[in-house]
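FYI, it's all coordinate maths here, none of it is from the lab. Here the structure is a predicted model, which means the values were calculated and not measured. Quick reminder, even Gly has a Cβ in these numbers, built from the backbone with ideal geometry, and neighbours come from all protein chains shown.
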Amino acid sequence: MLDAVFGAENFRNEIIWKRTSAHSSAKRYGPVHDTILFYSKGSEYVWNKTYTPHDAAYLDTFFDQEDADGRRWKRMDLTGAGTRNGETGQIWRGIDVTAKGRHWAYPPSKLEELDAAGRLHWPAKEGGMPRLKQYPEDLPGVPLQDIIGDIKPMHNLAQERLGYPTQKPRALLERIIAASSNPGDVVLDPFCGCGTAVDAAHKLGRQWIGIDVTHIAIGMIETRMREGYPGIEFETHGVPKDIDSALRLATDDKHQFQQWACWQVGGYPREKKGGDKGVDGWFNYLVEGGKIETGVISVKGGENLNPGMVRDLGRVMERDRHRFGLFITAAMPTKGVRDEIASHPLIETEFGRFPAMQVVTIAELIHGPKPKLPPLISPVKKASRVETRVSHQKGSQGELL
């Protein structure tokens with residue numbers, strides 16, 4: 001497919017990223033890598049020389065000398081092959097390199113500077129040739145290779161982890177984007193998932209466009225970018241912006257509507273369809289002593305809310321020990337629904353008193369007011385990282401579709 005899009009002649013590399021150290025598989029070699037295919041648009045393309053740090057084994061082997069302060073270094077030749085007639089061919093400190101068929105790598109004035117700075121090593125032997133002290137930080141590193149083994153996958157407790165099943169480390173995308181684009185260039189990710197590529201692009205000063213088909217991905221990226229870059233400006237296309245478009249989504253795709261609605265109240269939706277017992281999503285909130293608890297969300301976009309549904313959610317809350325429940329509904333709740341919701345108590349917290357059961361309409365989602373809840377924890381953060389959800393801002397440095 002990529003040969004057809006870019007032309008087989010524009011294939012540049014097959015890159016291997018070792019994503020895990022071991023994987024047990026029956027009757028085959030353990031699959032521990034992903035393959036990245038590198039194509040260019042044509043014969044002329046951006047390629048920025050990028051380096052990775054030298055590994056510890058290389059440093060241990062070659063940087064085998066040590067200064068009094070513990071800095072490690074290795075000996076480097078101060079001369080080059082062949083004679084020169086200029087400054088680099090002059091006698092310095094009584095050493096005639098021309099007689100040896102060589103020349104100095106630096107003019108004598110520079111050699112004096114290096115010696116004054118303690119960058120030359122003089123052997124104990126009388127008349128021995130000085131050597132340059134090279135420290136690890138003097139080297140740019142190793143040019144990019146087609147096997148990436150130094151960027152580890154995210155483990156379950158990684159702070160970067162958002163819970164998205166195919167999430168890649170941002171460092172991996174940063175390396176690819178830095179090598180193949182310049183600041184101000186546009187980076188497009190047409191299957192952007194949880195937004196790692198657009199996050200890396202923004203961090204590196206690139207413009208970006210991300211595309212995804214699900215509202216759980218769009219909501220996750222919006223939250224990720226606004227929390228990661230306070231004040232960021234970007235536009236989101238293809239999501240409900242008014243009551244009519246929200247109702248249209250509810251009619252066209254009930255599951256996607258549920259995902260969109262949960263994100264609007266600071267929650268996160270169920271990814272699977274069916275078997276939800278009336279629960280379409282959850283929200284994390286802060287309670288006494290910095291602890292985090294979970295409330296439940298039930299979305300009714302295509303059917304009117306009735307008192308029986310309120311009682312059903314109440315039983316789920318009691319069974320699963322959720323103190324708070326929230327309905328999101330397209331229609332205005334009837335008096336019977338309001339009375340059933342009002343029968344649930346107020347919950348006392350250190351942040352104030354809040355109704356245990358609430359209902360919010362689509363109109364209120366878009367125009368306000370929002371539900372009255374304890375401080376919410378961002379749906380894209382790990383529960384152990386206690387952060388209240390930041391307010392959303394609008395703008396245009398990137399686009400989500």
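Using every Cα-Cα pair within region 201-294, state what percent have a distance larger than 24 Å.
32
Taking the highest mean first, how do the peptides 43-50, 193-200, 282-289, 372-379 order by number of other beta carbon atoms within 10 angstrom per residue?
For the peptides 43-50, 193-200, 282-289, 372-379, the packing ranking is 193-200, 372-379, 282-289, 43-50.
Sorted from fewest to most neighbouring beta carbons within 10 Å, what does the list VAL310, VAL213, VAL279, VAL32 look like?
Exposure proxy ranking, most exposed first: VAL213, VAL32, VAL279, VAL310.
If R₀ is 22 angstrom, what is the calculated FRET efficiency for the pair ALA331 and ILE292, using the beta carbon separation as r and rounding to 0.05?
Rounded to the nearest 0.05, the efficiency is 0.10.
Sequence gap at least 6, Cα distance under 8 Å: using those rules, report the relative contact order of region 227-380 to the nearest whole percent.
22
Determine the relative contact order of region 154-216: mean sequence separation of Cα pairs under 8 Å and six or more apart, normalised by residue count, in whole percent.
31
Which angle between 0 and 90 degrees, to the nearest 10, do you get for helix 254-264 versus the longest principal axis of the chain when only C-alpha atoms count?
Approximately 70 degrees, to the nearest ten.
Which order results if SER343, SER24 are arranged by neighbouring Cβ count within 10 Å, fewest first?
The fewest-first ordering by Cβ neighbours comes to SER24, SER343.
Tell me the label-point distance for the pair ARG311, ILE91, using the 7 Å Cα-to-Cβ offset, in nm and rounded to one decimal.
Placing both labels 7 Å along Cα→Cβ, they lie 11.0 nm apart.
Do you know the relative contact order of region 253-333, to the nearest whole percent, from alpha carbon pairs under 8 angstrom that are 6+ apart?
Taking the mean separation of contacting Cα pairs over the length of region 253-333, I get 27 percent.
At what distance in angstrom do the alpha carbon centres of region 182-242 and region 62-103 lie from each other?
If we compute the Cα centre of each part, the gap is 52 Å.
Give me the net charge of ARG72's neighbourhood, meaning all other residues with Cβ under 11 Å from the Cβ of ARG72; Lys, Arg count +1, Asp, Glu -1.
With Lys, Arg at +1 and Asp, Glu at -1, the net is -3.
Report the local net charge at ALA116: Lys and Arg +1, Asp and Glu -1, summed over other residues whose C-beta lies under 14 Å from its C-beta.
+1
Below 11 angstrom from the Cβ of PHE351, what's the summed charge of the other residues (Lys, Arg +1; Asp, Glu -1)?
-1
With respect to the cross-link table entries LYS41/LYS272; LYS18/LYS133; LYS254/LYS277; LYS277/LYS335; LYS203/LYS370; LYS18/LYS291, which display a Cα-Cα separation exceeding 27 Å?
Violating the 27 Å limit, Cα to Cα: LYS41/LYS272; LYS18/LYS133; LYS203/LYS370; LYS18/LYS291.
If the viscosity is 0.692 mPa s and the temperature 37 °C, what Stokes-Einstein diffusion coefficient in µm²/s follows for the chain when Rh is the Kirkwood radius over Cα pairs?
This corresponds to a translational diffusion coefficient of 124 µm²/s.
For a label point 7 angstrom out from the Cα of GLU126 toward its Cβ, which stretches of region 74-105 have the backbone nitrogen within less than 19 Å?
Residues passing the 19 Å test: 93-96.
Per-residue counts of other Cβ atoms within 10 Å, averaged by peptide: what ranking do you get for 231-243, 168-180, highest first?
Ranking, from highest mean packing down: 168-180, 231-243.
Cα centroid distance between region 320-385 and region 112-141, in Å?
That distance is 70 Å.
Quick check on the exposure proxy: order TRP73, TRP122 from fewest to most C-beta atoms within 10 angstrom.
The most exposed by this proxy come first: TRP122, TRP73.
Take every Cα-Cα pair in region 56-138 and report what % of them are more than 23 Å apart.
27
Could you work out the equivalent-ellipsoid semi-axes for region 243-387, taking the square root of 5 times each eigenvalue of the Cα gyration tensor, largest first, in whole Å?
Output for region 243-387: semi-axes of 23, 18, 14 Å.
In degrees between 0 and 90, to the nearest 10, how far off the longest principal axis of the chain does helix 215-228 point, with axes built from Cα atoms?
So the helix axis and the longest Cα principal axis differ by about 60 degrees.
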